[in-house]
1. Under 8 Å between Cβ atoms, which residue pairs at least 6 apart in sequence (or on different chains) link something in the stretch 391-403 that is closer than 19 Å to residue 83 by Cα with a partner that is at pLDDT below 95 and of a type outside the set (A, V, I, L, M)?
2. Regarding residue 340, is this residue farther than 23 Å from residue 239 by Cα and either among the β-branched types (Val, Ile, Thr) or in contact (Cβ under 8 Å) with a residue 24 or more places away in the chain (or both)?
3. I'd like to check which helices (runs of 4 or more DSSP H) are fully inside the stretch 139-233 and have at least 1 residues that are under 21 Å from residue 61 (Cβ atoms) and under 16 Å from the mean Cα position of the chain (by Cα).
4. Among all residue pairs at least 6 apart or on different chains, which show Cβ distances below 8 Å where the first residue, located in the stretch 354-374, is closer than 11 Å to residue 326 by Cα and part of a loop (DSSP other than H, G, I, E, B) and the second is open to solvent by 20 Å² or more (accessible area, probe 1.4 Å) and among the β-branched types (Val, Ile, Thr)?
5. Can you pull out every residue in the stretch 217-269 that is surrounded by 17 or more Cβ atoms within 10 Å (Cβ to Cβ), among the polar types (S, T, N, Q) and closer than 27 Å to residue 359 by Cβ?
6. Please verify whether the stretch 372-384 includes one or more residues that are more than 26 Å from residue 259 (Cα to Cα) and either in contact with a helix residue (DSSP H, G or I) (Cβ under 9 Å, 6 or more places away or on another chain) or surrounded by 14 or more Cβ atoms within 10 Å (Cβ to Cβ) (or both).
7. Give 159, 206 a once-over and let me know the one that is in contact (Cβ under 8 Å) with a residue 60 or more places away in the chain, buried (at least 20 other Cβ atoms within 10 Å of the Cβ) and on the phi < 0 side of the Ramachandran plot.
Amino acid sequence: MSKKFETFSPEAQARLAKETKVHQERMSKIPYIEGKPELFETKILRVKQSSTENAKNILAATRDLGSGKALMPVLRELLGDEDVQVDIATDGLAQEVVQKQFDTTDITPSGMILEADNVIGTPDVIIMDRSGETGVDNYLLATFPEVPKVLIEDIYGNAAGYLSTLRERELPLPDKICVMDNGAKELIVKEFPDLADRVVVTGQPAFDRFAHEDTEKIAQETRTKLKLRPEDKLVVFMSSIDEPDKIAKMAAALKQSGENFYFVFRRHPKDNVSYETYKRMLVDAGINVLDTKGFTSDEISAAADVVLTTWSTEGINAIYRRKPTAHITDTDFEILAGYELPLVPVRLGASVGIDNMNDLTKELPQLLDPNSALNKSLKEKMEQEYPVDGNSAKRVADIVRAYLEK
């Protein structure tokens, strides 16, 4: 066991060794689920190397696709600084995003992540997202216990379970936790009141892009490709990893809502249930389903008249695009740990909450009517509670810079 673990109790050291082994075993199995085995070999990628002797070293850790998208704009902002070196420890789907967005050099040591400190030394700051799986992030927390750590939360409630895990395993907690808004901060502080001074409202960096996105242009181009007329209505469901029984129940509710709309089902990339399975449920219920495999979720969200979801980040994306949304959290189905109902956008009045799928039949016609009182109220709250200034990444980067200057 590395000397860097000696500050932890024997029990914590043993637990860390066990978790490292479990992580490696998990990595050997996940490729068969995802179909992309090359993405699950943990790598250290150098994004920027500085030739300056006194350069500051930033080490990023990312694994999960959605969370990784919140980290990328911050790294892009920091890469513009002089005398800064940036390395990324990554595996999973986030690794693909890193390699697409940045020109990287693979500096992974022969012993993989377990010898990370041999090639990167001791970083000045660690910046991380909330990964979907524990592993590389926990290892770095334990390997560099004295290094300042900045955590970016990408969506409401995503950090709480992670913080609990770190406490249970006697691993260092982040020095700063960057969250999207006051609603996100309240959720963390409610569970961890002692961390209140560590939680900073910066905005979610991935949402900065909406300050520059021409949503209307994207919508018109996408609807033209879909051969939709201006008067046609498009309802989109942005899936999480949902139970088929939930989708079957939703299909029945959609059918009872009328037949004056087209429907798009967007399958979550980590869902092991096939798209064809979900589509068959919807078609059998008599729903007018459009296949959109050749389109991005951004294109479909922009083209939508109404966006439905459970707790996918795509629901927040839709709100920033000022689309009427409904968050379906039918209590007949599992509520994910860390999600407190009503969800924050619903509590703020910026989205409709569907706690019983039958309510979708009543709410959808109002959501499809741009002149309804419900739609007008949603629009007002979206503007009020979810402003966009395009500076969230800079605010997070400034927190990292403050540690680099110490």
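The values are calculated or read from the model by the stated rules, or taken from the named source; none is laboratory data. Quick caveat: nothing in here was measured; it's all calculated off a predicted structure. All Cβ positions, even for glycine, are placed from backbone atoms using ideal geometry, and neighbour counts span all protein chains on display. Keep in mind that these areas ignore ligands, DNA and RNA; they rest on the heavy atoms of the full protein, side chains included. Shrake-Rupley method; radii C 1.70, N 1.55, O 1.52, S 1.80 Å.
1. From residues that are closer than 19 Å to residue 83 by Cα, the pairs are 401/81.
2. Answer is no for this residue.
3. Once the helices (runs of 4 or more DSSP H) in the stretch 139-233 are filtered for at least 1 residues that are under 21 Å from residue 61 (Cβ atoms) and under 16 Å from the mean Cα position of the chain (by Cα), what remains is 160-168, 182-191.
4. Matching pairs, first to second residue: 355/331.
5. The answer is 239, 240, 257.
6. yes
7. On the way: 159 fails: in contact (Cβ under 8 Å) with a residue 60 or more places away in the chain.
Within the list 159, 206, the selection yields 206.
Matching residues to (1) modelled with pLDDT under 95; (2) small (Gly, Ala, Ser); (3) more than 21 Å from residue 367 (Cα to Cα):
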| site | (1), (2), (3) |
| --- | --- |
| 232 | no, no, no |
| 243 | yes, no, yes |
| 260 | yes, no, no |
| 266 | no, no, no |
| 270 | yes, no, yes |
| 274 | yes, yes, yes |
| 278 | yes, no, yes |
| 288 | no, no, no |
| 297 | no, yes, no |
